[in-house]
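Comments concern the structure below.
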There are 2 protein chains.
Amino acid sequence: MPRRLVVIGGDAAGMSAASRAKRRAGDDIEVIAVERGLWTSYSQCGIPYWIAGEVGTEDDLVARTPDEHRRNGIDVRVGTEATELQLDRGRIAVRDVASGDESHIEYDDLVLATGARPVRPPLPGLDAEGVFGIQTIDHGRRVLAALATRRPMRRAVIVGGGFIGVEMAETMLARGLHVTLVSQPPQPMSTLDADMGSLITKSMEGHGIDVRNATSATGFEVDQTGCVSGVRIGDELLECDVVALGIGVQPDTSLAVDAGIEVGDHGGIRPDDSMRVADGLWAAGDCIEVHDRVLNRWKHTPLGTHANKQGVVIGVNVTGGSATFPGVVRTAITRFVDLEIARTGALEDECEGLDAASVTIEATTHAGYLPDADPMTVKLTFDKPSGRVLGAQIVGGRGAGMRINVLAMALWSRLTVEELMMTDLAYAPPFSSVWDPVQVAARAAIAARR
Amino acid sequence: MPRRLVVIGGDAAGMSAASRAKRRAGDDIEVIAVERGLWTSYSQCGIPYWIAGEVGTEDDLVARTPDEHRRNGIDVRVGTEATELQLDRGRIAVRDVASGDESHIEYDDLVLATGARPVRPPLPGLDAEGVFGIQTIDHGRRVLAALATRRPMRRAVIVGGGFIGVEMAETMLARGLHVTLVSQPPQPMSTLDADMGSLITKSMEGHGIDVRNATSATGFEVDQTGCVSGVRIGDELLECDVVALGIGVQPDTSLAVDAGIEVGDHGGIRPDDSMRVADGLWAAGDCIEVHDRVLNRWKHTPLGTHANKQGVVIGVNVTGGSATFPGVVRTAITRFVDLEIARTGALEDECEGLDAASVTIEATTHAGYLPDADPMTVKLTFDKPSGRVLGAQIVGGRGAGMRINVLAMALWSRLTVEELMMTDLAYAPPFSSVWDPVQVAARAAIAARR
């Protein structure tokens, strides 16, 4: 009998684990993946762009369908919800979502890849028609259906100014709606320091968005048809025809918690660096916490990049190999229309207890004498005693954002600002200045250390 | 009396040294910079784009004029050619280019930043009107004057397929000329392996360029007015109205050699990592050889990025500080129209003596389901026994090229392909795929090591 690997969750982490294990062990392993929804291996991050009309169909967001996984020898069971982990019996209870039939699946190894769920604050009217989360393909379908059928569709309110909020603001602009963005923090993108976030507010306002920072939605108005007609912020009513929620996500660990598995301060499972939770039990993806290599702390950083790597690590380790996930530096990027927004490592605000300082420099995306050079701002945070880079944030025009990877690599290898200044980065006038903006920032940091 | 620093050469390396020394030491140092031409601190790399019409005027290419340097307290003497180093007397001989007057300048510290000179093979007709080097602002002026006044201007031949050759091919296309490119190596861009260079040939041919690889110019036809009318390659005559030369450069070390300073295999001075050649004698920029951190060999890598850093190192060290230039990994980038071309580290062809292997992968510049994703090719060369990254080459659409910096940083910190696969790079659909193309290449390398 082959060993049996059971995976709960059919997206990045789960299917990476399943695929890697099957590819390595072939007939020596039986792989079963259960997924509550109907989709596998799809790009959550692409959903705002699909709603905006930039993606052909939802099929384009799917990297690998259930049938494709099946052809690779994985027993994918969509529409199947895991309802209980029975760890002491080596099995899970599942329910067929359509029929309600219940059954059990035994395992030798179990992978928890249950993902994250959107935060849904207990606000009146939250369940009204037209108030949308933006996490699954079904969510995207519902928004597209509403945009296509409910006329007139004029005003959108985005609740939340994080990645999804910023991306949905762009999406709703692209769909021709007037957009109001409500952000509880003092600026959108609280994964950036507020001084950098203010550049996003400015850009949004330049595109006609009504940005309401440091404000919370307190409820939703619902019309006679059951549709949302406004968002309340304190005494004010923001009239609207559609609401997109982007208030963040939290690890979906209810199955794990019910089974007595410990979770961390952020609510995520904490596997070791081989992604092992206990003997025969593994976890990966948005349901876990990860080791932040810069701050040496646990963080919840729900990103597909990590989920895929963690899945591969499990796939190797459950098939007799040896792999580790080395942690993260929390690199992330997004875009608001023509503004690129990127971050890596620690915010200045996160450096309490360290003797940290920051510098902020202005540069251009490439040689300023070429006509299409755009402004860009780099904020670099560093440890004053050692000079070690602690974090960076970039906001700027086309070509600015992906420079964050240079800083992510500097963090990865624990470079100092002095070392960063001397690294050998690419230069030609259509791409950069002779001192790349990240090195201009490093020079400013060196000057600030004197 | 303040110490006196004399700098020979008024571009990146020399003026960086001068500026940094003056800023650090103020009135405690006298800084004299002699420059044969009339310009200081200008962007050589911008000249093709200026000729193409993308830059306003030549002034835009000048980062700092002689007068601006003078206002910072540097005694800049343009139109002044150093004619002899009299090291044992602590002075140099100079000649005023305009008047021919000769004199001497004494120094406490001397910086050799004499740059590189274009290779000019002894071919018949090389000095004809219309055969242009593309190195100085004067060269650019001459080409622009020819393009403006000599009509009809229909056909250009580019001799040499390196950075300048590829950039001038784009420039001449942009000026509406029919372009033929003559490349002695089997493909353009011999700083890439030939398999990657072939992608450039293909793109050039797609833009209507007549690419003649593995061929050398053997002479130039000159018409009755003294203007070039054709380029001979063997028995064939390529008729043309203008020729741009980009056959490479070599260190301009004639002054140094005449003074008995040793040069290396590539003809460059070999200072130590503090940029010191001898007591009180320093060298930086295109006239020196640099330490290749990957191959642990001396190389001639004439780039403004290095020149500026080396100049800063000298400026620190001549004023009582302590700085070192840590060497290079030979990162470089350019563009041919819409094709981005980048490289770092060792070519596969340079790895003799190592147990190296390469993988080549195809990817897209960002999520393939977005409409403007372009193809990109990554070639990754690695040490088979250790997995250490040895080099990388990228050719692809917009957004492809600057990814080379991730690989440059991996080389800098001597990462293995296994480590590179696990680094935390930025992802969002408009910027990348969930596995960045450089990590797709790393995964292919890992698979190839098994």
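Below is a table of values for the structure above.
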| quantity | calculated |
| --- | --- |
| Segment A:21-91 and segment A:95-121: distance between their alpha carbon centers, rounded to Å | 12 |
| Segment A:340-449, accessible area per residue, ligands and nucleic acids excluded (1.4 Å, Å²) | 28 |
| Amide H within-cut-off set for A:PHE132, under 5 Å, with H built and near neighbours excluded | A:VAL243, A:ALA244, A:LEU245 |
| Lysines with Cα under 20 Å of A:LYS299, excluding same-chain neighbours fewer than 8 positions away | A:LYS309 |
| Peptide B:378-390 - average C-beta neighbours from other chains (10 Å radius) | 0 |
| Prolate/oblate/rounded call for segment B:319-358, Cα gyration tensor, a/c under 1.5 rounded | oblate |
| Signed unit charges on C-beta, dipole axis of segment B:263-333, positive-most listed residue B:GLY285, B:THR305, B:VAL316 | B:THR305 |
| Sulfur and carbon atoms: percent of accessible area, segment B:131-247 [1.4 Å] | 48 |
| Residues whose placed amide H lies under 5 Å from that of B:GLN250, excluding near-sequence neighbours | B:ARG117, B:VAL119 |
| Rounded to 5, percent antiparallel among DSSP beta bridges of chain A | 60 |
| Value at 222 nm in deg cm²/dmol, rounded to 500, when DSSP H runs of n ≥ 4 in chain B each add -39,500 (n - 2.57) | -7500 deg cm²/dmol |
| Accessible surface buried once B binds A (1.4 Å probe; total of both sides; Å²) | 5300 |
| Most positive-pole-ward Cα, B:ALA145, B:THR201, B:PHE132, against dipole of segment B:131-247 from beta carbon charges | B:ALA145 |
| Using θ = phi - 60° and Karplus 6.51 cos²θ - 1.76 cosθ + 1.60, couplings along segment A:43-50 (whole Hz; Gly, Pro as x) | 8, 3, 5, x, 4, x, 6, 5 |
| HN-Hα J in Hz across segment A:207-213 - Karplus 6.51, -1.76, 1.60, θ = phi - 60°, x for Gly and Pro | 9, x, 7, 8, 9, 10, 8 |
| Electrostatic dipole magnitude of segment B:131-247 [Cβ: Lys, Arg +1; Asp, Glu -1; Cα centre; debye, to 20] | 440 |
| About the Cα centre, charge dipole magnitude for the protein assembly as shown (Lys/Arg +1, Asp/Glu -1 at Cβ), debye | 180 |
| Straight-distance crosslink candidates among aspartates and glutamates, where the alpha carbon sits under 14 Å from B:LYS22 and sequence neighbours closer than 8 are dropped | B:GLU30, B:GLU68, B:ASP75, B:ASP109 |
| Max mean-square fluctuation residue, GNM over chain A, Cα-Cα springs under 10 Å, options A:GLN86, A:GLN393, A:GLN184 | A:GLN86 |
| Whole-Å distance, taken between Cα centres, linking segment B:180-208 and segment B:408-450 | 27 |
| Anisotropy class of the protein assembly as shown from Cα gyration tensor, a/c 1.5 cut | prolate |
| Built amide H within the under 5 Å cut-off of A:ALA356, gap 5+ | A:LYS384 |
| Using θ = phi - 60° and Karplus 6.51 cos²θ - 1.76 cosθ + 1.60, couplings along segment A:86-95 (whole Hz; Gly, Pro as x) | 10, 5, 5, 9, x, 8, 10, 8, 10, 10 |
| Most mobile listed residue (A:GLY267, A:GLY353, A:GLY46) in chain A, GNM with C-alpha springs under 10 Å | A:GLY353 |
| Within segment B:332-449: Cβ-based charge dipole about Cα centre, in debye rounded to nearest 20 (Lys, Arg +1; Asp, Glu -1) | 140 |
| Average partner coverage of B:395-407, which counts Cβ from other chains inside 10 Å | 4 |
| Global geometry of segment A:287-404, whether rounded, prolate or oblate, following the gyration tensor of its Cα atoms and the 1.5 cut on a/c | oblate |
| Fraction of beta bridges assigned by DSSP in segment B:253-389 that are antiparallel (%, nearest 5) | 90 |
| Span from the segment A:315-368 Cα centroid across to the segment A:211-242 one, whole angstrom | 34 |
| Value in Å of the Kirkwood radius, where chain B supplies the Cα pairs that are averaged | 23.4 |
| For A:305-313, mean number of other protein chain Cβ atoms within 10 Å | 4 |
| Set of lysines with alpha-carbon distance to B:LYS202 below 18 Å, sequence-local pairs under 8 removed | B:LYS379 |
| Counting DSSP beta bridges with both ends in segment A:131-247, the antiparallel % (nearest 5) | 35 |
| Of A:PRO326, A:PRO251, A:PRO302, the one that fluctuates the most in a GNM where chain A has Cα springs shorter than 10 Å | A:PRO326 |
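The values are calculated or read from the model by the stated rules, or taken from the named source; none is laboratory data. Keep in mind that what you see is a predicted model, and the values were worked out from it rather than measured. When we count neighbours, we look across all protein chains shown, and the Cβ atoms used for this are built from the backbone with ideal geometry, even at glycine. The accessibility values were calculated without ligands, DNA or RNA, using every heavy atom of the protein model including side chains. Shrake-Rupley method; radii C 1.70, N 1.55, O 1.52, S 1.80 Å.
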